[in-house]
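Report on the following structure.
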Amino acid sequence: MENLPQICVDTTDAFMTTERFGTREEVIRWIKEVGIDNKVTVIISRSDTETGKRGRSNKIIFGCDKGGKHKISDSGTQSASKKCGCPFKIRSTPTKDGSGWKIDVKCGLHNHGLPDRLEGHSFIGRLTTDEKQHVADLAKRHVPPRHILLSLQDRYPENVTRITQVYKHKSVIQKEIRGPRSEIQHMFKLIEDAGYVYWSRKKDDSEVVREIFWAHPDSVKLLNIFPIVLVMDNTYKTNKYRQPLFEIVGMTSTELTFVVGFAYMESEQTENFCWVLEKLKELFVKKDMCPQVILTDRDLALMKAIEIVFPNSINLLCRFHINKNVGAKCKQHMVNDLQKTIDTLWMEVVWASDEVEYGQRLHQLEQACVDYSGFINYVKDTWLTPHRHRFVGP
């Protein structure tokens with residue numbers, strides 16, 4: 001032991017015991033529990049089972065997860081390792097008198113410091129069989145991963161799993177359910193099994209799916225009852241393939257919303273939006289039926305597609321998104337003391353009731369921004385001049 005570095009932690013006393021264990025599993029469980037209590041990550045370095053052949057006997061060799069040496073790959077790629085040749089070693093074998101498994105601490109020393117806590121450790125944080133089943137049960141009920149983690153910590157107080165482990169096990173469950181099917185193949189299966197209305201199209205001369213549009217039968221019924229107002233928007237970077245998820249939402253006469261349908265799209269070009277909107281149009285029972293108002297953000301490709309597919313519909317822009325963008329631009333150009341005043345003047349422009357009031361409110365905003373031409377030019381060129389009729393008014 002003379003070669004040990006200056007850092008030396010002795011855990012011999014913690015693992016010393018005269019207790020006998022009935023099975024191999026009991027030994028493993030006891031040593032790992034003692035390791036967790038003492039902030040030591042114990043792993044099985046070697047295990048053997050007696051088979052009657054020469055040299056084979058029942059034994060388990062335990063070590064520290066920092067034991068052994070880091071192997072440098074032939075590729076020459078630099079990589080980090082937590083291995084530092086820790087000499088910690090415990091041997092467990094059955095007693096000769098048959099009373100059970102005994103534990104023999106060969107070396108209880110560590111040549112490294114021990115952590116203050118084991119939370120987040122990749123090995124200690126592994127889920128047990130019971131914990132995996134608990135995750136699976138909650139995942140089937142669509143419980144969010146953060147709530148699954150809280151449930152695990154509440155049910156198993158000694159659990160030090162991080163949310164990453166929950167996500168990983170959910171991924172394993174999904175792969176088991178999916179089987180040999182790819183993600184898109186499994187999605188088609190789920191859509192068909194649930195009786196959804198759907199369309200898809202592929203790239204020319206290939207099996208690659210470009211777009212897919214789907215809607216629930218109940219959503220189709222609601223759409224035909226309440227076709228007047230539709231809201232359309234994209235969500236970004238929320239899936240493995242980074243494809244935009246296009247969502248269409250309807251509104252009832254009591255101002256409640258309902259989902260009409262979804263679409264994964266290859267890209268956000270006008271042609272892609274036109275394909276989706278044409279499929280939406282096929283959901284209407286009456287061929288001459290169309291939404292009176294369609295609310296979107298300032299997605300020029302989508303707005304152009306609406307003009308092509310639903311020429312009689314009025315395309316309004318979402319004030320929430322507009323105000324958010326204008327507010328962000330205001331912060332870039334204005335000092336803090338002036339931002340609140342500009343926000344108020346802008347809202348007065350947006351809510352102007354007629355042309356006269358609009359002209360007056362815009363003049364007041366221009367006077368307040370006389371020293372900030374970049375901001376007022378952005379407001380006029382991006383929003384007011386081309387799109388005023390889509391969002392200004394009471």
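Residues are listed down the side, and each one gets a yes or a no for (1) out of contact with any Pro (no Cβ under 7 Å at 6 or more places or on another chain); (2) in contact (Cβ under 8 Å) with a residue 40 or more places away in the chain; (3) within 30 Å of Asp288 (Cα to Cα):
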| position | (1), (2), (3) |
| --- | --- |
| Pro157 | yes, no, no |
| His169 | yes, yes, no |
| Ile173 | yes, no, no |
| Glu176 | yes, no, no |
| Pro180 | yes, no, no |
| His186 | yes, no, no |
| Gly195 | no, no, yes |
| Ile225 | yes, no, yes |
Original post:
open to solvent by 30 Å² or more (accessible area, probe 1.4 Å) and under 30 Å from Glu271 (Cβ atoms) - does that describe any residue in region 322-339?
Top reply: yes
Original post:
For the subset of region 31-71 comprising residues that are open to solvent by less than 50 Å² (accessible area, probe 1.4 Å) and assigned to a helix (DSSP H, G or I), which member is farthest from Pro115 (Cα to Cα)?
Top reply: Ile31
**OP:** Determine if region 308-316 includes at least one residue that is exposed (fewer than 15 other Cβ atoms within 10 Å of the Cβ), without any contact (Cβ under 8 Å) to a residue 60 or more places away in the chain, out of contact with any helix residue (DSSP H, G or I) (no Cβ under 9 Å at 6 or more places or on another chain) and over 21 Å from Ile294 (Cβ atoms).
**Re:** no
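Which of the residues spanning region 253-267 are open to solvent by 30 Å² or more (accessible area, probe 1.4 Å) and either assigned to a strand (DSSP E or B) or more than 21 Å from Glu183 (Cβ to Cβ) (or both)?
Within region 253-267, Ser253, Thr254, Glu255, Leu256, Thr257, Val259, Phe262, Tyr264 meet the criteria.
For every residue, the table says whether it meets (1) of a type outside the set (S, T, N, Q); (2) closer than 30 Å to Ser253 by Cβ; (3) at pLDDT 95 or above; (4) out of contact with any Pro (no Cβ under 8 Å at 6 or more places or on another chain).
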{"residue": "Ile294", "(1), (2), (3), (4)": "yes, yes, yes, yes"}
{"residue": "Ala305", "(1), (2), (3), (4)": "yes, yes, yes, yes"}
{"residue": "Leu316", "(1), (2), (3), (4)": "yes, yes, yes, yes"}
{"residue": "His321", "(1), (2), (3), (4)": "yes, yes, no, yes"}
{"residue": "Gly327", "(1), (2), (3), (4)": "yes, no, no, yes"}
{"residue": "Cys330", "(1), (2), (3), (4)": "yes, no, no, yes"}
{"residue": "Met334", "(1), (2), (3), (4)": "yes, no, no, yes"}
{"residue": "Thr344", "(1), (2), (3), (4)": "no, no, no, yes"}
{"residue": "Ser353", "(1), (2), (3), (4)": "no, yes, no, no"}
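Any residue that is more than 28 Å from Asp65 (Cβ to Cβ) and surrounded by 12 or more Cβ atoms within 10 Å (Cβ to Cβ) - is there at least one of those in region 154-163? Can you show your working first?
Applying the first criterion (more than 28 Å from Asp65 (Cβ to Cβ)) to region 154-163 yields none.
Checked region 154-163: no residue is more than 28 Å from Asp65 (Cβ to Cβ) and surrounded by 12 or more Cβ atoms within 10 Å (Cβ to Cβ).
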Original post:
Do we have any residue at all in region 5-19 that's within 41 Å of the chain's Cα centre (by Cα) and over 15 Å from Asp104 (Cα atoms)?
Top reply: yes
**OP:** Give the residue that is farthest from Trp275 (Cα to Cα), with candidates limited to residues of region 193-209 that are at pLDDT 90 or above and open to solvent by less than 70 Å² (accessible area, probe 1.4 Å).
**Re:** Ala194
Subject >> Subset of region 227-246 [out of contact with any helix residue (DSSP H, G or I) (no Cβ under 9 Å at 6 or more places or on another chain), open to solvent by 60 Å² or more (accessible area, probe 1.4 Å), without any contact (Cβ under 8 Å) to a residue 24 or more places away in the chain and not basic (Lys, Arg)] >> reply: Tyr236, Thr238
Subject >> Among (1) open to solvent by 70 Å² or more (accessible area, probe 1.4 Å); (2) under 22 Å from the mean Cα position of the chain (by Cα), the one test that Val166 misses >> reply: (1)
Subject >> Number of positions in region 349-381 that are touching a residue at least 24 places away in the same chain (Cβ under 8 Å) and surrounded by 14 or more Cβ atoms within 10 Å (Cβ to Cβ) >> reply: 11
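The values are calculated or read from the model by the stated rules, or taken from the named source; none is laboratory data. Since the structure is predicted, the reported quantities are computational estimates derived from the model, not experimental observations. Here Cβ is always computed from backbone atoms with ideal geometry, including for glycine, and neighbour counts include all displayed protein chains. The accessibility values were calculated without ligands, DNA or RNA, using every heavy atom of the protein model including side chains. Shrake-Rupley method; radii C 1.70, N 1.55, O 1.52, S 1.80 Å.
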